[in-house]
Amino acid sequence: MKSAMSPLPSVALIAGPTASGKSALAIALARALRTAGREALIINADASGVYRDIPILSAQPSRADQADVAHALVGHIDAAENCNAARWVEEARAAIDAATAEGIIPIIAGGTGLYIKTLLEGIAPVPDIPPEVREEARALPVADAHAQLARLDPVSASRLRPTDTTRVQRALEVVLGTGKPLTHWQQQNVGGIAERIDLTPLILLPPRDWLRARCDTRLEAMGKAGALEEVQALLARRLDPALPAMRAIGVPEFAAHLSGSCSLAEALVQAQAATRQFAKRQYTFFRGQFPAEWERLDKELNDILIDELAIKLRDRLLTG
């Protein structure tokens, strides 16, 4: 609960599914804080947004917006690298600490719920997994990996989608390598910042029909803005297809078109469908994975509402 007398540094969180308006609201909040004499730092919490090679497909803020309002963890990692939750949390924590030490208010904005949850609650202290165990888990088809996980760690298996290759393999390698299920380690999370900040959270959960239409429109705009050229440049580098940047929504779909497997129109339709499915999963996560007392907004965002919310959040951050 915020208090005007709180000695803890103020931090804002604007989270929600893709295309829900997080970036626009975060920028409006930063500008509203500036009018009150406080500077802000927007910290990107979208997993794809960290990669410099896909600014269009990951909907990174424009150069003008980044020049106007300070941003962190945006487009700072090469597509050849793998950014996971642990790396992002370490960088986000450092950015938050540096900002608050200078009286700057951090605004965490993004849609990767796992990153946000890990930042706030901490990371499970899982011991290093032997390379041979990791290879064993990752060599299995995801269906076989999930079936084995169901035998060894039924709790984790029940929580994970059977097609979620990355998380299924991770849970399997943990139980194989440590002899204990992932939930055992998650109960001992360390390094979370929730207890040392004064958080003002807002989760955007707009009407689904509006969100789906926004997803489709945004993909069309990305296509016109040069998304195809981004993918073409990535493919020319011959990077590992398993890298996160190569699996970002839009990259596999437009790559299929560039290889001659489908038309551009078909690639766009497939990318739009993937985006809608992704937004649906995000919606479910944000609706149920964070404290019930956190404010959730179920309205369509427009310019007027964004300005109203920015003032409201600003006042909460500054006065409690």
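The values are calculated or read from the model by the stated rules, or taken from the named source; none is laboratory data. Since this is a predicted model, take the numbers as computed values, not measurements. Glycine gets a Cβ as well: all are built from the backbone with ideal geometry, and neighbour counts include every protein chain shown.
Exactly one residue out of E300, E295 is of a type in the set (D, E, K, R), surrounded by fewer than 20 Cβ atoms within 10 Å (Cβ to Cβ), in contact (Cβ under 8 Å) with a residue 40 or more places away in the chain and in contact with a helix residue (DSSP H, G or I) (Cβ under 6 Å, 6 or more places away or on another chain): that is E300.
With a requirement of 3 or more residues that are in contact with a Pro (Cβ under 8 Å, 6 or more places away or on another chain), the strands (runs of 3 or more DSSP E) lying completely within the range 1-94 that satisfy it span 10-15, 40-44.
Of the helices (runs of 4 or more DSSP H) lying entirely inside the range 101-156, the ones with 1 or more residues being within 30 Å of P17 (Cβ to Cβ) and among the acidic types (D, E) are found at 113-121.
Report yes if some residue within the range 125-145 is under 30 Å from S10 (Cβ atoms) and in contact with a helix residue (DSSP H, G or I) (Cβ under 9 Å, 6 or more places away or on another chain); otherwise report no.
Of all residues in the range 125-145, those under 30 Å from S10 (Cβ atoms) come to 125.
Still in the list and also in contact with a helix residue (DSSP H, G or I) (Cβ under 9 Å, 6 or more places away or on another chain): 125.
Within the range 125-145, one or more residues are under 30 Å from S10 (Cβ atoms) and in contact with a helix residue (DSSP H, G or I) (Cβ under 9 Å, 6 or more places away or on another chain).
Selection of the range 84-101 for residues being buried (at least 20 other Cβ atoms within 10 Å of the Cβ) and not small (G, A, S) yields W88, V89, I96. Of the residues making up the range 204-224, one or more are among the charged types (D, E, K, R) and closer than 30 Å to R87 by Cα. Of all residue pairs spaced 6 or more apart or on separate chains, those with beta-carbon atoms under 7 Å, a first member in the range 80-107 that is farther than 18 Å from G122 by Cα and a second member that is among the charged types (D, E, K, R) and at pLDDT 95 or above are I104/E39; I105/R38. Of the conditions (1) at pLDDT below 95; (2) assigned by TED's automatic domain parsing to the domain that holds P17, A92 clears all except one; give me its number. Evaluating A92 over (1) at pLDDT below 95; (2) assigned by TED's automatic domain parsing to the domain that holds P17 leaves (1) as the failure. For the range 181-196, the candidate set comprises residues that are among the aliphatic types (A, V, I, L, M) and surrounded by fewer than 18 Cβ atoms within 10 Å (Cβ to Cβ); within that set, the residue that is nearest to the chain's Cα centre (by Cα) is A194. Taking the range 157-176 as the range and being within 30 Å of R93 (Cβ to Cβ) and either small (G, A, S) or in a loop (DSSP other than H, G, I, E, B) (or both) as the test, the residues that pass are L160, R161, D164, A171. Among the residues of the range 136-165, those that are loosely packed, with under 14 Cβ neighbours inside 10 Å and within 23 Å of P241 (Cα to Cα) comprise A139, P141, A143, D144, R161, T163.
In this structure, K280 does not satisfy being in a loop (DSSP other than H, G, I, E, B) and more than 16 Å from A47 (Cβ to Cβ).
Any idea which of A274, A310, A267 is part of a helix (DSSP H, G or I), among the small types (G, A, S), in contact (Cβ under 8 Å) with a residue 12 or more places away in the chain and within 26 Å of T35 (Cβ to Cβ)?
Every option except A310 fails the conditions.
Inspect the range 207-222 for any residue being part of a helix (DSSP H, G or I), of a type in the set (A, V, I, L, M) and over 20 Å from the mean Cα position of the chain (by Cα) and give the result as yes or no. Yes, because at least one residue in the range 207-222 is part of a helix (DSSP H, G or I), of a type in the set (A, V, I, L, M) and over 20 Å from the mean Cα position of the chain (by Cα). Quick check on I129: is it under 21 Å from the mean Cα position of the chain (by Cα), more than 19 Å from R247 (Cα to Cα) and touching a residue at least 24 places away in the same chain (Cβ under 8 Å)? No; evaluated as a whole, the condition is false for this residue. Restricting L234, L182 to those that are touching an Asp or Glu at 6+ places or on another chain (Cβ under 8 Å) and modelled with pLDDT under 95 reduces the list to L182.
The set of residues from the range 245-264 being assigned to a helix (DSSP H, G or I) and surrounded by 18 or more Cβ atoms within 10 Å (Cβ to Cβ) comprises A245, M246, V251, E253, F254, A255, H257. Select from the range 32-90 the residues that are closer than 16 Å to G21 by Cα and polar (S, T, N, Q) and list them in ascending order. Of everything in the range 32-90, those that are closer than 16 Å to G21 by Cα and polar (S, T, N, Q) turn out to be N44, S58, Q60, S62. Among the criteria (1) touching an Asp or Glu at 6+ places or on another chain (Cβ under 7 Å); (2) assigned by TED's automatic domain parsing to the domain that holds W88; (3) over 20 Å from T118 (Cα atoms), the one A137 does not fulfil is (2). All told, A109 falls short of being in the same structural domain as R218 (by TED's automatic domain parsing) and surrounded by fewer than 24 Cβ atoms within 10 Å (Cβ to Cβ).
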